[in-house]
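Structure first, then comments.
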């Protein structure tokens, strides 16, 4: 989302259509970065849910909101920017 958006916007503005690898490597970098950040936050989040004595339902919900949802948002937004950078309008005849 961070790297792929910046690179895709520059390519779109310049009118450059990147190769498959060039479009998707920034997406992979974004996923790796957010996965590392969320991996660091996982144990504190679990510890917090244990300390708060949440039931299983609320613990699962909290972890989905804190870990799963941000990862999915980054994956989806990065993918959208990768596709936008490779999009080519078809000429109508």
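Do the conditions hold for residue 70, that is, is it assigned to a helix (DSSP H, G or I), out of contact with any strand residue (DSSP E or B) (no Cβ under 6 Å at 6 or more places or on another chain), over 16 Å from residue 6 (Cβ atoms) and in contact (Cβ under 8 Å) with a residue 12 or more places away in the chain?
Taking the combined requirement at face value, the residue satisfies it.
Six or more apart or on different chains, Cβ atoms under 8 Å: show the pairs whose first residue is in region 16-33 and free of Cβ contacts under 8 Å to residues at least 40 places away in the same chain and whose second is in a helix (DSSP H, G or I) and surrounded by 15 or more Cβ atoms within 10 Å (Cβ to Cβ).
29/3; 29/4; 33/3
Conditions: (1) assigned to a loop (DSSP other than H, G, I, E, B); (2) out of contact with any helix residue (DSSP H, G or I) (no Cβ under 7 Å at 6 or more places or on another chain). Residue 50 meets all but one. Number of the miss?
(1)
Taken together, the values in this text are just the output of simple stated rules run on the coordinates, not laboratory data. Just so it is clear, the structure is predicted and the values come from calculations on it, not from any experiment. Cβ coordinates were reconstructed from backbone atoms using ideal geometry, including for glycine residues, and neighbour counts include every protein chain displayed.
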